[in-house]
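Here is the structure we will look at, set down as structure tokens.
All of the numbers you see were taken from the coordinates with simple rules; none came from a lab. Remember, predicted model here, so these are calculated numbers, not experimental data. Methodologically, a virtual Cβ is constructed for each residue, glycine included, from the backbone with ideal geometry; neighbour enumeration extends over all protein chains shown.
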């Protein structure tokens, strides 16, 4: 039995070429920026890549969670997740891996890898006692090994989850489902640790003096929110003439809406808890991370990042939360699509907030540093990076839809999934 190609699969090359062209432009600007010792260009690649890495990790976790819980609604939607998951290691290979390997990019982004970098305090990284205390973890050899591990681990886990699922389409063997339960049960805790470490290395280590034990949980919450938003947007499109046309129903939207509401609350709980604990402890090594995202160090007035933080409170949490409380928002396709789009954009803003602000050494200032602003021309490069990586993700999804069954017709719960009701 061969796969029935999706009519949409013929468009995958268009998305691939568009994505590669966009990334070529982003890499050009990143290289130009790095040539002037400006970190902002390379950060555009980090923002664009981590946006999709986060989304795809969320889809990977949802794939395993629905397997473990044997969710009856999931099979028709989970197959779309399985088709797109191979994009995760590819995005890493097109972004984080080369940036970690190229010394110029590595030293600009992860300043602790450059022993000669001068800190706002006036001494170099090599003489920094904080880095010395963390050197067992923050050293270049171990850092590069961890980056390689993320590519290998996620590739292997995705392969292990896809192979039995696709094999079931041809041999109709129920034992594949049991095998996938076991793989998912073992994979969830290992993937949880791995995504936490990835968040530490790719994001938290950008400001290596700061640390938060809740950072991995925040990244998980953001990943699931982005994954659910992506799922709503993708399934809406695929129900309009795609492989989910006539299959996706109101009950599927309702369960996705309920999950979006739950993880909106969870993201807010984690984000507030992190802020509250750091505010209460009032330790300078921790509070500066929020201070530079609120105050201008030269004037003490609110800076641009304070407005971004207010958007996260009201636009990324409160508005989706209040909207998703209503039952009709969760079942009316257009309304749920609007909320998912709002969350998708908000996730990008959240990554901006966590990635871009940093202390830039400036010897002529009283504090010894200035804070990188929000409103710069590189915002356009950030968006282009998100679109470029996104086009490649879509291209890989469409290509896979021409090679594998888009509906797992021999999944033991496929009839329950197709006829799922509230």
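Between helix 12-35 and the chain there is an angle of about 10 degrees, using the helix long axis and the longest principal axis of the Cα atoms.
Show me 123-135, 74-86, 41-53 ranked by packing, highest mean number of other Cβ atoms within 10 Å first. Kindly include the intermediate steps, with their values, before the conclusion.
Working: 123-135: 14.0, 74-86: 23.2, 41-53: 25.5.
Highest to lowest by the protection proxy: 41-53, 74-86, 123-135.
Each Cα pair under 8 Å and six or more residues apart adds its separation to the average, and for segment 283-422 the resulting relative contact order is 20 percent. Rounded to the nearest 10 degrees, the angle from helix 333-355 to the longest Cα principal axis of the chain is 30 degrees. Full extension of the segment from residue 322 to residue 69, taken as 0.36 nm per residue of separation minus the current Cα-Cα distance, would add 88.3 nm. Assign one of three labels to segment 319-373, namely rounded, prolate or oblate, based on the Cα gyration tensor with a ≥ b ≥ c the square roots of its eigenvalues; rounded applies when a/c is under 1.5, prolate when it is not and a/b is larger than b/c, and oblate otherwise. Because a/c hits 1.5 or more and a/b exceeds b/c, segment 319-373 counts as prolate.
Between residue 160 and residue 376, what FRET efficiency follows from the Cβ-Cβ distance if R0 is 60 Å, with the result rounded to 0.05?
Details: r = 42 Å, r/R0 = 0.70.
Step by step, r from the Cβ atoms, then E = 0.90.
For segment 352-422, relative contact order (Cα pairs under 8 Å, six or more residues apart, normalised by length) works out to 16 percent.
Starting from the Cα gyration tensor of segment 187-341, take the square roots of the eigenvalues, sort them a ≥ b ≥ c, and report rounded, prolate or oblate (rounded when a/c is under 1.5, otherwise prolate if a/b is larger than b/c, else oblate). If you can, show how the numbers build up before the last one.
Values: a/c = 2.65, a/b = 1.82, b/c = 1.46.
The shape class here is prolate.
The length gained on full extension between residue 116 and residue 31, counted as 0.36 nm times the residue separation minus their Cα-Cα distance, comes to 28.5 nm. Using Cα atoms only, what is the angle between the long axis of helix 140-171 and the major principal axis of the chain, expressed in degrees (0 to 90) to the nearest 10? Orientation of helix 140-171: about 10 degrees from the principal axis.
Mind running the shape call on the chain? Use the C-alpha gyration tensor, a ≥ b ≥ c as the square roots of the eigenvalues: rounded below 1.5 for a/c, prolate if a/b tops b/c, oblate otherwise. Prolate, because a/c is 1.5 or more and a/b exceeds b/c.
Before anything else, pin down the relative contact order of the chain: Cα pairs under 8 Å, at least 6 apart, normalised by residue count, whole percent.
Answer for the chain is 35 percent.
Going by neighbour counts of Cβ atoms within 10 Å, the residues 313, 255 line up, fewest first, as 313, 255. A Förster distance of 35 Å, applied to the separation of the beta-carbon atoms of residue 341 and residue 123, puts the FRET efficiency at 0.15.
Students often check this: by mean Cβ neighbours within 10 Å, which of 389-402, 354-367 ranks highest, and how do the rest follow?
Working: 389-402: 22.4, 354-367: 15.8.
Most protected by this proxy first, the peptides run 389-402, 354-367.
In plain terms, the chain from residue 24 to residue 139 could stretch by 38.4 nm, reckoned as 0.36 nm per residue minus the Cα-Cα distance.
Taking 19 Å as the cut-off, the amide N atoms of segment 244-264 that come nearer than this to a point 7 Å along the Cα-to-beta-carbon line of residue 333 belong to 244-258.
Under the rule of -39500 (n - 2.57) per DSSP H run of 4 or more residues, summed and divided by the residues of the chain, what mean residue ellipticity at 222 nm is obtained, to the nearest 500 deg cm²/dmol?
-22500 deg cm²/dmol
With a 10 Å radius around each residue's Cβ, average the other Cβ atoms per peptide and rank 373-379, 182-188, highest first. Mind dumping the intermediate values first?
Details: 373-379: 14.1, 182-188: 16.3.
In descending order of packing, they fall as 182-188, 373-379.
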